[in-house]
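The values are calculated or read from the model by the stated rules, or taken from the named source; none is laboratory data. Because the structure is predicted, anything quoted here is derived from the model rather than measured. Ideal geometry is used to build each Cβ from the backbone, glycine not excepted, and the neighbour counts take in all protein chains shown. Areas reflect the complete protein model, heavy atoms only, side chains present, ligands, DNA and RNA absent. Shrake-Rupley method; radii C 1.70, N 1.55, O 1.52, S 1.80 Å.
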Amino acid sequence: MQFLIKFRQKLYLAVIILIILFFLLFIVQNTEQIQIIFLFWSIQLSRALVLLGSLILGIFIGTIATIMRGMWDKTANSASGMEQTKLQNRVLEQAYEKSQRITYAELTTSIADLEDANQSISVLKTEIDRLHGEIEARELIEKMIHHDLRSALIASAALPESVLSDPNLTDKQKIIVRLIRDSGEKMLEILESSLTLYRIEEGTYKKDFETVNLFKIISTIAKRIASSHSNFEHDISISCMDAEGTKSDNFPVTGDKFLLYSIFMNLLTNAVEASPRGKPISVILSKNESCSIAISNYGEVPESIRDTFFDKMVTAGKKFGTGLGTYLAMLMVKAQNGNIELNCSTPGMTTVYVHLPKA
């Protein structure tokens, strides 16, 4: 690498020396004198000086011409740039005027649309106010009906008790009176359930929960279901386990007594109606993270409604089914901070699990 650098330097030096020699040779060969005449002026100069002077003069004139050409081009370009700028400004002004016209047209359209929307909102507000008035009137009527019906049903449910105390009644008459009493109590429960359901669905249900013995409630429900059927053939077994896993007749949970009664009345009634005749139904109460109640019966829930089992108006295979029993149970369980689920993993069996907060 160093050799190439030194060689290049020597080559440059040789070229410079050669040019100088050629220049000296040019001077030596053109030393003869010639006469230069311009108008009245004449001078004797060597040919070499004349040629060098002509070269320098040509370079000077070329330089001046190049500078003048550059200045001219700069002036021309400046003028052209000004014209181009004016043209661009004119185009921008036209575009701005056009956009202003478009914006104004759009603004006019938007104002018209806004006025139409305001009119629609005004009409809608009037309609909403009317509906609110109708809803308030309907709620007032429902409350009046509920109050009157409730008072009448309480009286009709209490009257059979006084009749049953009559010692002159025959056994058949006592059965009839008990049926009247049970029907009145059931109608009262339905009325209370409808009002509670309405409050839960509207999100206005509020109640201070208490500690309730769920074993006692479920036992009462099982006896009532058995006594309401003249040819009841199912065996409802209730197994209650305390925290240590031993049998007990006390299963405290936190909730509302009326809601708990409605929940398990619906679920046990469904289990009895869905179970084949003579097949047993089991209820197991146990405690782990929460209070768990498992209601199992023979017979499977149809696959077509398993995913919507707890939805409103969902039923299958029942002649007089409304599809409200499990829906009511689900709402009431959730209103008490609990959870409910369906399990059909065992072939030929159906189990409903209810989880409630511990007392």
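In terms of packing, defined here as the mean over residues of other Cβ atoms within 10 angstrom, the peptides 265-273, 250-258, 116-124 line up highest first as 265-273, 250-258, 116-124. Net length available on complete extension from Phe60 to Arg130 is 15.1 nm, with 0.36 nm assigned per residue and the Cα-Cα distance removed. Of the residues Ile200, Ile56, Ile67, the one with the largest accessible area comes first in the ranking Ile56, Ile67, Ile200, computed with a 1.4 Å probe on protein heavy atoms. Our estimate of slack between Tyr12 and Ser120, defined as 0.36 nm per intervening residue step minus the Cα-Cα distance, is 29.5 nm. Shown in residue order for the stretch 232-239 are the 3J(HN,Hα) couplings computed by the Karplus curve 6.51 cos²θ - 1.76 cosθ + 1.60 at θ = phi - 60°: 5, 10, 9, 9, 9, 9, 10, 10 Hz (x for Gly and Pro).
With 0.36 nm allotted per residue and the present C-alpha distance subtracted, the Ile176-Glu233 stretch has 18.4 nm of extension available. Pairs exceeding 19 Å between alpha-carbon atoms, taken from Lys312/Lys358; Lys223/Lys257; Lys172/Lys216; Lys223/Lys312; Lys207/Lys334: Lys312/Lys358; Lys172/Lys216; Lys223/Lys312.
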